[in-house]
1. Using a simple spin-label model with points 7 Å from Cα along the Cα→Cβ vector, what separation in nm is obtained for E161 and F494?
2. Divide by every residue of the chain the summed helix terms, -39500 (n - 2.57) for each DSSP H run of at least 4, and state the resulting mean residue ellipticity at 222 nm, rounded to the nearest 500 deg cm²/dmol.
3. Under unit Cβ charges (Lys, Arg +1; Asp, Glu -1), what dipole magnitude, rounded to 20 debye, does region 594-669 have relative to its Cα centre?
4. With unit charges on the beta carbons (Lys and Arg positive, Asp and Glu negative) and the dipole taken about the Cα centre of the chain, which residue among P457, L56, S147 sits farthest to the positive side?
5. What's the extension gain from E70 to I461 if we count 0.36 nm per residue and subtract their Cα-Cα distance?
6. Give me, ordered by chain and number, the residues 5 or more places off F372 or on other chains with an amide H under 5 Å from its own placed amide H.
7. Output the 0 to 90 degree angle, nearest 10, between the alpha-carbon long axis of helix 498-513 and the longest principal axis computed from the alpha carbons of the chain.
8. Under 16 Å Cα-Cα from K155, which aspartates and glutamates qualify once same-chain neighbours fewer than 8 residues away are excluded?
Amino acid sequence: MLPPLAPTHPHPLTLHGHTRVDPYYWLRDKSDPATLAYLTAENTYMEAVMAHTKPLQETLYQEMVGRIQETDVEVPVKKGPYFYYTRTEAGKQYPLFCRKKDNLDAPEEITLDLNQLAEGKDFLKLGVYKVSPDHQWLAYSLDEDGSELFTIHFKNLTTGEVLPTRIPNTTYTGEWANDNVTYFYTTLDAAKRPYRLHRYSFATGHTLLFQEDDPVFLVSLEKTRDDAYLFLNVGSIETSEIYFLSADTPEGDFHVIHPRQKGLEYKVSHHTGTFYLVTNDQAKNFKVMTAPATRPSKDNWTELIPHRAEVRIDGVDLFAGHLVVYQRENGLRTIHITDFATEESHAVTFPEPAYTYFEGDNPEFDTPLVRFTYESMTTPDTVYDYNMTTREMTLKKRKPVQGGFDPNNYQAERLMAPAQDGTLIPISLVYRKGFTRDGNAPCLLYGYGSYGASMDPYFLINAISLLDRGFVYAIAHIRGGEEMGRAWYENGKFLHKKNTFTDFIDCGRYLIAERYTASERMAIMGRSAGGLLIGAVINLAPDLAKVAFAGVPFVDVITTMLDTTIPLTAGEFEEWGNPQNEEYYWYMLSYSPYDNVEAKDYPHLLVTSGLNDPRVQYFEPTKWVAKLRAMKTDNNRLLLKTNMGAGHAGASGRYDYLREIAFDYAFIIDSLGVGREGQRSK
């Protein structure tokens, strides 16, 4: 079967005296039957090309399902008199949300069963799940097509009745006031930007409280752990403005803490009349300030923890007796705790030299316990309760990995690869013991490198299917993330963005030079902004790897960043730059994957997309594949896989998601020609 070739309709785009001709601009029209016909044809071709891998896909899927404990219970979280938790049942796609009152031996109440709500639907995603302070009401929201447009519902947890009230076009944030009848939520504008804050009362209905008209700024909401305040967060990528309101007076007015000041960021928490602010005010790696809640303006900020060049402060947690500071030192996340009574501070000790953790759900204020989830490339997700007073760490649960998994069979390493400018780029990698560094092992190199998002050395349960086939799995901690501090991020954005791409290439070259793999044995992978990374890399260094995977890739940089009707565009001027500025235009044009496709050989390439994706519109990967198909000079596979009923994250059900991963891995394994033991298949 021949691959589909999209018809060309040259569309000129002129800016700064320069005209680009886009032959596939017409694919932006989802309502055009020709667009849907083309996407369907690409999917049909993809299925035909991959038909011979069906047995491998099924084997991979069964391996992945065989590793999860299908019927399982997450660690309960105490909030007031209740213990809240989720659990899964074998064969069911979605979790059940449950609670027990007073103790874990009490009868179970199912507060929400997503499986029932998903009946007859191809997609279902939960947005907010917020229980009122008196534990009588549940506000929850659902997205039914992957568009990330959520509709809020209210459920009486005593009677089980779901009110007829529906609030559409909402986002991921919402909070109850302390009166148990008032709920605050945010809605989106035409570009799907959260821009309005509303108050809804069971008694008085809806009230619009705030509207942000600057398209660069987004609106969100949170509540302090002690339930004292609601915070309205109005922020861009580089600037913060936060308003506060007593949660006891929902009819009152929000008051600003510090008006927006370009480039100044801050986050706020509360403890007994004092606001704690994490800010970058004259502090690149952030510092901690305090201010009276009655007089929180910047003039009254007092330094508590100073800026340190070698430590990046990620955030703080406040408990009745303790201050918890989440930090990043030498590329690793750390936790420091201060006892308010004694003023003594200490660091939490972790058992491995390379690891990461994620802050847990800690709704209780008056407790000596802080919960977090620890993991490494060989240690599955492990939930700990840490006693901040006694300094004892209690294991609550380690994620079960079935199928005979033994962490002692695997080895992790941390390498430092020299970049073109001499900067040392960390690489975290893992492989099965018995691995030989002779250049024959297949390798999957993963990267992201945008928005300051750090790709820490995490445990990837599905990658065991690769490791057991002889793969090395590696994460390149490239600039554009924040693994090594704020400067690491700043040196991978705006007019330094190309560092992200060359760092990744240098990491790949280093793995080859050190004989962890070879170019004909390497696959590279990234999603979203990581898909941009892959697109740029295969233009710059098409010989780096034999196989590439670009998931929902942001590849049409200039055209998208010139169209502010597209979700996220205006807000991301502070990440990529605004191409209306001529300097940014030429720089972005020089790396935009779509604009730099050339008539040359490219690696085997799998590109995925979601028709309802609000973050990276489906037409970006679609146009990119069409242009590559017309111009590339090799006979390697080029596949576009569009999920016609989902969005940015792909399938919502856990089994459907695993089938997608099995497909992706089958493409990589088959394209590399890897057999069960990591040898080339015949």
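Every number here is computed from the coordinates shown, using simple stated rules; none is lab data. Please read all numbers here as calculations on a predicted model, not as lab measurements. Here the Cβ is made from the backbone with ideal geometry for all residues, glycine too, and neighbour counts use every protein chain on show.
1. Going from the E161 label point to the F494 one covers 5.7 nm.
2. So the calculated ellipticity at 222 nm is -5500 deg cm²/dmol.
3. Working: 10 positive and 9 negative charges, 24 e Å.
Value, rounded to 20: 120 debye.
4. Result: L56, furthest along the dipole toward the positive end.
5. Details: separation 391, 0.36 × 391 = 140.76 nm, distance 1.39 nm.
That pair, E70 and I461, stretches by 139.4 nm at full extension.
6. Sorted by chain and number, the residues that satisfy this are G360, Y384, Y386.
7. That works out to roughly 60 degrees.
8. Of all the aspartates and glutamates, those that pass the test against K155 - Cα under 16 Å, at least 8 places apart if same chain - are E109, D113, D134, E175.
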